[in-house]
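Here is the structure we will look at.
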Amino acid sequence: MLDLRDRGLHSAAKFAAELLSALPATEVKTGRRKSRSAEHSKHSDEDEDAYQSAKCYFDLKEYKRCAHALKKVGGPRASFLRCYATYLLGEARKEEERLEAGGLLGNGQAVNKELTALASELQEATKQHLPDPFLLYLHGLVEIDRDNKAEGKELLLASLHAFPCNWAAWLALAALRGSAELDADAALPRHWMRSFFLAHVCVEGQENEEALGRLSDLAAEFPDSDWISATAAMAQYNLRNFDEAQELFEDLLESDPHRIDGMDTYSNILYVKEQFAALSHLAHRVAAADKYRPETCCIVGNYYSLKGQHEKAVTYFRRALKLSRQYLSAWTLMGHEYVEMKNPPAAIEAYRKAVDLNPKDYRAWYGLGQTYELLHMPVYALHYYQRATQLRPHDARFWCAMGQCYAHEQLNMDEAAIRCYQRAHDSDDREGIALHRLAQAHERRGDAEQAAYYYEMNLQRMDAEQVAGSEAVDALLFLAAHHKDRGTLALAEDLCMRLLDYGASSKERAKALLREIRSMQGGLGVLGQVAGRMDMQDFGAVTPLPRNPEGDFMEPGSSDIELSPG
């Protein structure tokens, strides 16, 4: 931890410090004092004073001044801080040039002009100081930025073999490859940090069930680790287990009321569940802790979006991006807001920025698909939905969206649509969209038996959940007509009687069907009595058929674009 902190790797030092505090053992203090004494003995007092002075400049983000102050200080530690300050100075200048050239949403291209000189200097420094792990780490970052990813990966691995506790190096390595490939890679160091790394990569790669298993094993060794709880909450959120994720986030806030890390995801959950009061309380809490954090701006943006104030929401998402252009969630959420504001070009631009930053961001691919679907461009929408399903093959929403594109009048590919809807139904379609659309697709193809089968399944699902709507009316009308045509008149009559509980249009159609059914039964006198009872609106309840639950229900209109942050 002290080695990381002395070199300005604050995020990695924070990660190590939190793990130390999560350990049940209390023997770390003695080892920390010994490590500190050994480190100090390597440097003369004069070099130490100069280094600490330069480190103060670094902490104040005076990178150029820091690099100048270390020119005459020897040793790998000073070489690293000098090169790291130069690297960050180049990154700051790159960002300034980009903003001047293209603005927040512009296409201004800029590069870190220090990379070439840094690569040569780091290569020479590595020869002088043997395989210093921190110089290797920085050299790896430089080579990755120069688009030499293979060489950068090798340097990162060498750094981790020499110093496995640098979480920043693990994160840089995670950005290069997928979890399955990394897990099988024998080049990874055999160290306990490897387990944290693989859990992180599983969550990033949407392998959430495996991630939860790994996190459960880690929790036995680090029982009080907030990182483990936060990562488990993220995995539950990805699985759309919102209640479990919310409980984990609330536990984190209870133990650390001023925590901001990960609270933007918590705000997404509150948004989806429409918990206005809780989201407002969270926004005030994080703003009091630090209102200039990107996560804070995102949470406040979600709050205004839930209130329907989309212009204000965009303002806060843009503010988050000014603080950190690499903040992925803000790009995606801003795209959602532009769709709400009926500004598809800006929405598409925001989503594209998100997938440029992270091609594995399925939410942005899905958002692109939704936007092009609104523009009545189903071929384009289909392409982006396919990208989303590749990243989350078990997400029923994406299969339903693909089916809707195939069923569009411009494509009219009902067979492909049916396969997509069936895949959605097999993937635990919680909203119950797939069954209704499967029935409609089979009805369009003239397959009355299959249509009746799926309409009946959907009707059973809605009855079990005690919900009703236009989907129930469609199912009852089709099934009543279907059973009338098949000659099962008693069942058709029961279905028509159920239709009388709905609106005026369905009631008139039910009356017409009942007249036909009674006419077929030859009971004209009985028909008059039934008609009289209909006029008096005095119908008894009909006992529904046995029903079985089939997932959760989404209100009619679920084919419309979904703009929740989740």
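Of note:
- The Lys507 and Gln422 beta-carbon pair, evaluated with R₀ = 22 Å, returns a calculated FRET efficiency of approximately 0.05.
- Ascending count of other beta-carbon atoms within 10 Å, so fewest first, for Ser195, Ser505, Ser21: Ser505, Ser21, Ser195
- Whole-number D in µm²/s for the range 406-459 (Stokes-Einstein; Kirkwood sum over Cα pairs; 4 °C, 1.567 mPa s): 118
- Cβ-Cβ FRET estimate between Ser216 and Ala150, R0 fixed at 30 Å, reported to 0.05: 0.30
- Pairs of Cα atoms nearer than 8 Å and 6+ residues apart set the relative contact order; for the range 61-162 it is 21 percent.
- Distance histogram for the range 340-428 (every C-alpha pair counted, 5 angstrom bins, percent rounded to whole numbers): 3, 17, 25, 23, 18, 10, 4, 0
- Listed pairs Lys94/Lys127; Lys64/Lys312; Lys14/Lys353; Lys14/Lys307; Lys61/Lys273; Lys72/Lys322 exceeding 31 Å between Cα atoms: Lys64/Lys312; Lys14/Lys307; Lys61/Lys273; Lys72/Lys322
- Take 282-295, 153-166 and order them by the average number of nearby Cβ atoms within 10 Å per residue, most first; the result is 153-166, 282-295.
- Descending principal axes extents, the range 215-323, alpha-carbon based, whole Å: 46, 25, 22
- Whether the range 293-390 is rounded, prolate or oblate, judged on the alpha carbon gyration tensor where a/c under 1.5 counts as rounded: oblate
- Highest to lowest packing among 328-341, 507-520, scored as the average C-beta count within 10 Å: 328-341, 507-520
- Our estimate of slack between Met341 and Ala287, defined as 0.36 nm per intervening residue step minus the Cα-Cα distance, is 16.8 nm.
- Cα-Cα P(r), the range 451-490, percent of pairs per 5 Å interval: 6, 26, 30, 23, 11, 4
- Overall form of the range 390-491 per C-alpha gyration tensor (a/c, 1.5; a/b vs b/c): oblate
- Simple label model, 7 Å out from Cα along Cβ direction - His68 to Glu431, nm: 5.8
- Using the Karplus relation 6.51 cos²θ - 1.76 cosθ + 1.60 with θ = phi - 60°, the per-residue 3J(HN,Hα) values for the range 9-19 come to 8, 5, 5, 5, 5, 4, 4, 5, 5, 5, 5 Hz, with x marking Gly and Pro.
- Segment Lys360-Arg194, length gained on full extension (0.36 nm per residue, minus Cα span): 57.6 nm
Only the coordinates and a few stated rules stand behind these numbers; no lab work does. Predicted model, so just to flag it, every value in this text is computed and none were measured. All Cβ positions, even for glycine, are placed from backbone atoms using ideal geometry, and neighbour counts span all protein chains on display.
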